[in-house]
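One structure is given here, and the rest of the page talks about it.
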4 protein chains.
Amino acid sequence: MIITMKKNAPEQEIQNLVQSIEDKGVKVTMIQGANYNVFGIVGDTTVVDDRLITANPYVDNVKRIAAPYKKANRLFHPLDSVIDVDGVKVGGNEKIVIIGGPCSVEGEESTMQIAKEVKEAGAMMLRGGAYKPRTSPYSFQGMGIEGLKCLYKAKLAYNMPIVSELMSENKVDEFEEYVDLIQVGARNMQNFDLLKALGKCSKPILLKRGLSNTMEEWIMAAEYIMAGGNENVIMCERGIRTFETYTRNTLDLSVIPIIKSKTHLPIVIDPSHATGKRDLVESMALAAIAAGADGLMLEVHENPECAWSDGAQTITPAALKTLIEKGRKIANVIGREM
Amino acid sequence: MIITMKKNAPEQEIQNLVQSIEDKGVKVTMIQGANYNVFGIVGDTTVVDDRLITANPYVDNVKRIAAPYKKANRLFHPLDSVIDVDGVKVGGNEKIVIIGGPCSVEGEESTMQIAKEVKEAGAMMLRGGAYKPRTSPYSFQGMGIEGLKCLYKAKLAYNMPIVSELMSENKVDEFEEYVDLIQVGARNMQNFDLLKALGKCSKPILLKRGLSNTMEEWIMAAEYIMAGGNENVIMCERGIRTFETYTRNTLDLSVIPIIKSKTHLPIVIDPSHATGKRDLVESMALAAIAAGADGLMLEVHENPECAWSDGAQTITPAALKTLIEKGRKIANVIGREM
Amino acid sequence: MIITMKKNAPEQEIQNLVQSIEDKGVKVTMIQGANYNVFGIVGDTTVVDDRLITANPYVDNVKRIAAPYKKANRLFHPLDSVIDVDGVKVGGNEKIVIIGGPCSVEGEESTMQIAKEVKEAGAMMLRGGAYKPRTSPYSFQGMGIEGLKCLYKAKLAYNMPIVSELMSENKVDEFEEYVDLIQVGARNMQNFDLLKALGKCSKPILLKRGLSNTMEEWIMAAEYIMAGGNENVIMCERGIRTFETYTRNTLDLSVIPIIKSKTHLPIVIDPSHATGKRDLVESMALAAIAAGADGLMLEVHENPECAWSDGAQTITPAALKTLIEKGRKIANVIGREM
Amino acid sequence: MIITMKKNAPEQEIQNLVQSIEDKGVKVTMIQGANYNVFGIVGDTTVVDDRLITANPYVDNVKRIAAPYKKANRLFHPLDSVIDVDGVKVGGNEKIVIIGGPCSVEGEESTMQIAKEVKEAGAMMLRGGAYKPRTSPYSFQGMGIEGLKCLYKAKLAYNMPIVSELMSENKVDEFEEYVDLIQVGARNMQNFDLLKALGKCSKPILLKRGLSNTMEEWIMAAEYIMAGGNENVIMCERGIRTFETYTRNTLDLSVIPIIKSKTHLPIVIDPSHATGKRDLVESMALAAIAAGADGLMLEVHENPECAWSDGAQTITPAALKTLIEKGRKIANVIGREM
């Protein structure tokens, strides 16, 4: 951490600040410049709150050198984490995992049908929304626990782990019972009480990146869950908000090499939400595989135009099959299997 | 709502779509263009889910004309809503309200002291954080319920309504007991389960705008609370995320005239979080008053450099006093009191 | 184009507006709503200036349905445009083209050396900056015309068309003489006088997307050049500005399928500027190929750490060779050659 | 400037880098951390190109402490610069200046009329666009030199300095002849060849902030002009691009105190372009005055709905008069005149 003091900082104030920082058990080194005095702080700077130091009226600015995360940091965990989702392994050199299913669960029959079809197309996990984060209170809010039960039946029938989004701390028990990989949605990425609750949960977490969050903030959200005791976190990019209007969001594929170098966690890409348009899903999915993604999450529905939500970005089981066939060949080029 | 169909849409598909929309009780009118067929939908379009229509493969795009909110909409409630916060009125032609206090509650003694001082400086409500949304799990997370109790004692002593941030549905009862104006923080603006819980709450809500949210999304968050039954919502702008690095966030003062024309709700400005720098607080506060704000929320602390959080953006009680004196004169110029 | 009038618009004002629009040779249709009157305009709406209509105080808003571009529009030119750059064809089903070379031209000897090496690695065109857009007036501004001459000599020696950035209308003649594909940089994407000058130029244009521009604005910049008479435009994505700090910019690969569906122009990806980090270049380049790019532009230098500019994002000729080998296999999977 | 080296950097590489930096005449100090080696650079770091250092493969990152600008830097020029625009003084404690006039010049008669009216309302300079930066090549592009001549006649008649936008280096002579304050538009803020040309120009420059540029980039654009020899630069904020759709741009008033603390240059606010809506102009103009702006630039037209461009954000002379009356009172509160 580097602290720059204002030119006019009195000697006594500088000494007080240095003392207060060294009291945290870190070492302070000074650089005297023409217009600034600069301090370097050496040691475990995650214990030093940079915003506290910024409050000192003689401090010009504070810059962090070391990453603010420890548990998620590749520097301290050089090996890839492989997350086990009820038998399906994600990350490292494991097979690239395909997670498919409808945006919203729409009933038992349709869930069984789509589970069968995505499995036949090559998907390894089943996704479906039972609780839906909707911008409008007047839109369909999801089937709730009945939706989770539909997914659970499909799991028993087709032996596919279930992925579904949790929106409330109060539903953690429900999800522990029916869901294998608990999704935190983009809008809840910094719902810190939810992250803390998930830190005490036994199931792995699929952590979506917030709509306008940096990768560092996203990793810090993973750090919240990991610091709470649950180290089984899979990162999921679903597009970020930009000025572009031709797509729903902008898919940021550079997260793939970066999450892999900064952390030891697996990274999954969701091209459905990222683009918002089914015509763009295949090309972005293949690009994600070429860039080294550990998995793909895709919205799939028998009749996308009849889906209860997000049909515009939903592909058919037949399109999923084609995508997987091409994807396998690309995976082979970069030394992965799918 | 305007629906544009693709050029090649078959007649039968067009008829099916029109029928499905008219089944919702709205009227459909058609415009035949050279390259497009366009439909206008007339009636209460809040019942029509535009994303559902977009899913139709023959639909090119859907644009909403009428606002998606009803309860918050000025069109249907021409008079200003004035929100009563335990006796202090906010909005309409009421006095511009000043909410002051520390970022974090730091104990009983300091809370009593700061309450006394902000009251003497001219503030009408006391703010303080008991539960803190922190980016890092290793940062101070707030005093919790003990913090709320400190605020409550200050309220009894100085007769100032209390404003504090709620981060979890599970704490609503606690806040009902100790807090007069419940703040929803920027990161929870789209925590829909929290919004639903607050819809059933008896206390007024101070709803902060999300870091990267549009005004429409913000009003829709208010609509969630109002649709749940709690119509006492005060909007609070606290700066949005932009590319700028010289400020913590970018204060968007255009929200003042816009929230007042699109909705009937009061609008409060928080220049402390918006700028992140105490040197900018006074000028932005005066600007907010000149633009017509119904209130200001300001971080105030005896010794900002010793504040447990956000000291860099905190002003002293003396600075608050000066700000209020200047602010009163500006308020008079535009026909308001403070 | 859809025009929504305010509720209180007097009948006479509505009639005047309709008349003034129909005078442009388009047809106006009306939809009467409960709270709004809405007009649809049918015909060639590129002649109607939507900002002019918005100025009418009785107009609530104006939304464009048809794209505002004609020359670049796929709707009116269903076949892919293939651009001939001094014998190298770009677009359609032509081979994916690799453009390699240093960020800045650094002298004749080094240019000849790097040209030899990128050619051997498999590149088909040589890039190099002679005029450099630098944020600081105190940074190296490029070799100017001497740089162009170095590139030209390398072209003669290795038979590779030359790509270089033009920053000023006053240098068009120079570029006509020495350069085969004239690059418009991101910061000049809306330098309309430069675009107009290039509309009269005989050489093809490589048009980079502006740092914060939408695809529609980017296509409109191409439209400026094409409307001026030069229809040989290649689009080039080089990353957009987002809140992310771990990368220099955010590469938006969704432009590939979208530019191909909205326009008939070829699309080239520049992963060097998009990421700003050499470790990310290969994965993003392979992703671009998988997504269907018509070409790649890459910064290549013998000793990236000694490059006069942008060394951090520059790869070695050896790395280029490896990238091309993998890229060829991915190209084959999606039915392209490279 | 602070340089962080990677953990594995060999001793020899570190020494080479230190040597190469010290060769620039600055001093290097080292801080040894557990996971990083960090260097501080002391002296005139504007001569050190941080991107060059970043290219070193053993460098993790480079952070600048001192501002990259010198000529514009308040640190080296503690007194306010007051810019003389043909007799009207801008900045320091001078009167807050009002610049009014139409978006586009529309002919001699209308220019004379509007000049008369804005002068009567209290404006001190006349603005008008003769060359218009339009997104579409099919939109009205301005009257060109004939427009400048209209403005010049109005100047002679009403004794008001003229402000107009220059889009091309090739027109500098024309502007030297007819215009008193040459405007650089938002889209040309980083048109570096234009900035260099203006550095040699005798007239003061009104430099608009780019749509997505940081204040540091904006000040660096001023630095380009000043480094070229023309130190008469007035900064102009006209709103930045954000995700908001209810306004054309988002007005960032925090630029006022920041530009005044970081630089010694005057700052003018353009609420017309910033908001895009005439109903928002007055409140944002008053807010700008309260925040300490040195001037306002406003689009004014007799019949906004008939203006040839940007009528939606244009106010009438009567509205200008009311705005100025209120503005004067607010100016007095903060100790300024208008």
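So here's what we get for this one:
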item: Check: chain A dipole with +1 on Lys, Arg Cβ and -1 on Asp, Glu Cβ, in debye; result: 620 debye
item: Exposure rank, largest accessible area first [B:ASP23, B:ASP50, D:ASP270; 1.4 Å]; result: B:ASP23, B:ASP50, D:ASP270
item: Segment D:183-234 versus segment C:281-338: alpha-carbon centroid distance in Å; result: 36 Å
item: Positive dipole terminus of segment D:26-161, leading residue within D:GLY43, D:TYR152, D:GLY92 (C-beta point charges); result: D:GLY43
item: Distance in nm between pseudo-label sites at C:GLU176 and B:ASP86 (7 Å out along the Cβ direction from Cα); result: 7.8 nm
item: Fraction of antiparallel bridges per DSSP, segment A:117-272 only, in percent to nearest 5; result: 5 percent
item: GNM flexibility winner over chain B from B:LYS24, B:LYS149, B:LYS208 (Cα, springs under 10 Å); result: B:LYS24
item: Rounded accessible area of C:LYS260 (nearest 10 Å², 1.4 Å probe); result: 50 Å²
item: Two-site FRET efficiency, D:ASP279 against B:GLU120, from Cβ-Cβ distance with R₀ of 51 Å, rounded to 0.05; result: 0.85
item: Cβ-derived FRET efficiency at R0 51 Å, A:SER261 paired with A:THR322, nearest 0.05; result: 0.95
item: Gyration tensor (alpha-carbon) shape descriptor, segment C:98-244, a/c threshold 1.5; result: prolate
item: Computed over chain C, Kirkwood Rh from alpha-carbon pairs, angstrom; result: 21.4 Å
item: Range of Cα positions in segment B:1-156 per principal axis (Å), largest first; result: 75, 44, 26
item: Normalised per residue, the volume of the convex hull around the Cα set of segment C:226-277 (Å³); result: 90 Å³
item: Inter-copy separations for C:PRO78, label at 7 Å along Cα-Cβ, nm, ascending; result: 5.5, 6.0, 7.5
item: Descending semi-axes in whole angstrom, ellipsoid equivalent of segment B:283-331, from the Cα gyration tensor; result: 23, 11, 7
item: Accessible-area value, D:CYS150, 1.4 Å probe, nucleic acids and ligands omitted, Å²; result: 10 Å²
item: Per residue accessible area in Å² of chain A, where ligands, DNA and RNA are left out and the probe is 1.4 Å; result: 33 Å²
item: FRET E, pair C:LYS24, C:GLU108, Förster distance 60 Å, beta-carbon r, rounded to 0.05; result: 0.60
item: Crossing angle, helix C:215-227 versus chain C [Cα axis fit, 0-90 degrees, rounded to tens]; result: 80 degrees
item: Segment D:59-126 and segment D:144-160: distance between their alpha carbon centers, rounded to Å; result: 19 Å
item: For a label point 7 Å along the Cα-to-beta-carbon line of B:GLU302, residues of segment B:112-155 with backbone N under 13 Å; result: B:112-118
item: Tensor-based shape of segment C:29-87 (alpha-carbon gyration tensor, a/c under 1.5 rounded, otherwise prolate or oblate); result: prolate
item: Over 24 Å between alpha carbons, listed pairs C:LYS95/C:LYS116; B:LYS63/B:LYS262; B:LYS277/C:LYS132; B:LYS63/C:LYS6; C:LYS171/D:LYS200; B:LYS132/B:LYS155; result: B:LYS277/C:LYS132
item: Of all DSSP beta bridges in the protein assembly as shown, antiparallel share, percent nearest 5; result: 40 percent
item: Crossing angle, helix A:278-290 versus chain A [Cα axis fit, 0-90 degrees, rounded to tens]; result: 60 degrees
item: Three-way shape label, segment C:245-338, alpha-carbon gyration tensor, a/c 1.5; result: oblate
item: Only Lys, Arg (+1) and Asp, Glu (-1) charged, at Cβ; the protein assembly as shown dipole about Cα centre in debye; result: 0 debye
item: DSSP-defined beta bridges in segment D:184-306 - what % are antiparallel, rounded to 5; result: 10 percent
item: Calculated [θ] (222 nm, deg cm²/dmol) that DSSP helices of n ≥ 4 give over chain D, each run adding -39,500 (n - 2.57); result: -10500 deg cm²/dmol
item: Within a Gaussian network of chain C (alpha carbon springs, distance under 10 Å), most fluctuating of C:ILE114, C:ILE259, C:ILE21; result: C:ILE21
item: Positive-end residue, segment D:127-197 charge dipole about Cα centroid, Cβ charges, pick of D:SER139, D:ASN170, D:GLY129; result: D:SER139
item: Inter-copy label distances at C:GLU302 (7 Å, Cα→Cβ; nm, one decimal); result: 6.6, 6.9, 7.0
item: Ranking by accessible area, most exposed first, for A:TRP308, B:TRP218 with a 1.4 Å probe; result: A:TRP308, B:TRP218
item: Whole-angstrom Cα spans of the protein assembly as shown along principal axes, big to small; result: 75, 72, 72
item: Selection from A:MET112, A:ALA67, A:MET226, by position along the positive dipole direction of chain A (Cβ); result: A:ALA67
item: Cβ-vector label at 7 Å, B:GLU146, separations to other copies in nm; result: 4.7, 7.1, 7.9
item: Candidates D:ALA72, D:ALA288, D:ALA307: whichever shows maximal mean-square fluctuation once chain D is modelled as a Gaussian network with Cα springs under 10 Å; result: D:ALA307
item: Rg/Rh (Cα only; Kirkwood hydrodynamic radius) as it applies to segment A:159-225; result: 0.96
item: Inter-probe distance in nm under a simple model that places probes 7 Å from Cα toward Cβ, at C:TYR58 and B:ILE145; result: 6.3 nm
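The values are calculated or read from the model by the stated rules, or taken from the named source; none is laboratory data. Every value quoted in this text rests on a predicted model; they were computed, and no experiment measured them. All Cβ positions, even for glycine, are placed from backbone atoms using ideal geometry, and neighbour counts span all protein chains on display. Remember, those area values only see protein heavy atoms, side chains included, never the ligands or the DNA or RNA. Shrake-Rupley method; radii C 1.70, N 1.55, O 1.52, S 1.80 Å.
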